[in-house]
Structures are given as C-alpha cells and as structure tokens.
Amino acid sequence: MSMNDLFANDSGLEILGEGITLWRSAIDVARYVSDIEDLARRAPFRNMQVPRGRTMSVAITNCGKLGWISDTRGYRYSAIDPTRSAPWPAMPEHWLRDAAQAAQRGGFAGFSPDACLVNCYEVGARMGAHQDRDELDFSQPVVSISLGLSAAFAFHGETRSGTRRRIELHSGDVLIWGGPARLHFHSVAPVKAGLHPLCGARRFNLTFRRAGA
Ligand code: MD6
Ligand code: FE
C-alpha cells in the first residue's frame, strides 16, 4: 500500500497499514499539556545517554509503574527514576482511559499500559530509526499521542533502511501501532521551527506501552 492509498473509514480512523491506525484530532490537547507540565515539575525532562555514549536530542520523562530509560549500559524499563532515585509519578487516570479506548479502536481490546514515555522535542530534535522492543509482550500495541509542533514521522518497515513512508503527525493526533507492525522500524525527522499556542517551540509525544508482565 502506498501512502496515497490510506483511507478513512466511517469512524474517522485512517488505516495506514496492517496494525497501524491513525486517529486525527482525538484528544483534549490543553488538558494533556497541563498534565505534562505537572509531570515535568515532578520528574523533569532530561537528555539521556545512549549505549554508544552520545546524548539524545529528545528529552524524556515517564509516568506509570515503569519508565523507559537509556544509559551507557543499554535500554530498559525501570520502576525507579535514576535521576531522582524515586518511583515515576502515577499515570493520570484519563491518560489510561484514552489510551485503552484508542487501542480498542485500533483493534487491540484490553490494552492496559503500565508505562508512558513522554518525549520533548525542541526545534531540530529528531529520533533516528528504531524498533520498540524493550517490552515483554509484543502482542500488546503502542499508543502514541502527539502534541504541539507537527513532525514528519516515518515508517521504515521491517528493516532500518526500508523505504520510508512519511506521515505528518499534528497536535492531538493518536497513532495506534501493533500486530504485524509492532516491531517495524520508525523515525521522526528534525522538528521544524514554529510556535504552537500551548506548547511554544516544542513537540511532545506520549507513547503508552505494556512494558512488564
Ligand atoms: C515520536 N514515537 O513520535 C516517537 N514508537 O516522538 C515513537 O517512537 C513511536 O510514535 C512506537 C509507536 C508509535 C510511536
Ligand atoms: Fe518508537
């Protein structure tokens, strides 16, 4: 399927590929932005090191029982925030509800995330091609919410160097990603300059996962 073939069904969902569903303008952006500001006061965004020693251009924090972390030892989930030596803040109840509802609409009933990774992109920040594979159960989807500045997200498919299919993600969009696409490579191009009324010169991305058992 080419990107021109994506279609919208009567419920407003766009099926982008097997296991990948896009739900445009699905959430209350202002409420999420205020929750992210609260979260960042408690567990601040930080630029983590990757195993090869470089520092990520994207700043991250987490909420929920488990949080995704990276350092020179590798990538993993941890119940403890290493910079605060304390558990991650709880996931807001409405985040959980929205993520479960989105997953259901994308064909994944019963999704109960125990981790929410929150990415903060300043202008120019990017995310190289990667797979999300630090979770235990790949039958569970990832639900992704975008806020603030738009970004060019790309699907690469089964290999890092696969043909890229780009999709512009805008504030309020929800992407549900699982099934045969669960381990597909994907990336985010450098965020372009701009000003969003609620987020300023930033993009936030939330990814809800079932990381543990
Ligand atoms: C981002 N998102 O949009 C990064 N991963 O900032 C991801 O890496 C991602 O959006 C898995 C599923 C959906 C995603
Ligand atoms: Fe990812």
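Read the figures in this text as sums done on the coordinates, not as results from a lab. Being a predicted model, the structure only gives us computed values, none of them experimental. FYI the Cβ positions are ideal-geometry reconstructions off the backbone, even for glycines, and counts take in every protein chain you see.
Observations on the model:
- Cβ-based net charge around Gln49, under 12 Å, with every Lys or Arg adding one and every Asp or Glu removing one: +3
- Along each principal axis, taking the top coordinate minus the bottom one, the Cα set of region 134-199 gives 37, 24, 17 Å in descending order.
- Averaging 1/r over each pair of different alpha-carbon atoms in region 6-93 and inverting the result gives 15.4 Å, the Kirkwood hydrodynamic radius.
- Over all pairs of different C-alpha atoms in the chain, the reciprocal of the mean inverse distance, the Kirkwood hydrodynamic radius, equals 17.3 Å.
- Note on Arg160, Arg54: ascending count of other Cβ atoms within 10 Å places them as Arg54, Arg160, the fewest first.
- With contributions of -39500 (n - 2.57) from each DSSP H run of at least four residues, the per-residue ellipticity at 222 nm computed over the chain stands at -4000 deg cm²/dmol.
- By other beta-carbon atoms within 10 Å, ranking Cys116, Cys63, Cys199 with the fewest at the front produces Cys199, Cys63, Cys116.
- Dividing the radius of gyration of the alpha carbons in region 95-213 by their Kirkwood radius gives 0.96 for Rg/Rh.
- Once the Cα atoms are used to define both axes, helix 29-42 deviates from the longest principal axis of the chain by about 20 degrees.
- Between 0 and 90 degrees, the angle of helix 93-105 with respect to the longest Cα principal axis of the chain falls at about 30 degrees.
- In Hz, Karplus ³J(HN,Hα) per residue of region 133-149 (6.51, -1.76, 1.60; θ = phi - 60°; x = Gly, Pro): 9, 9, 8, 7, 10, 7, 7, 8, x, 10, 10, 10, 10, 10, 9, x, 4
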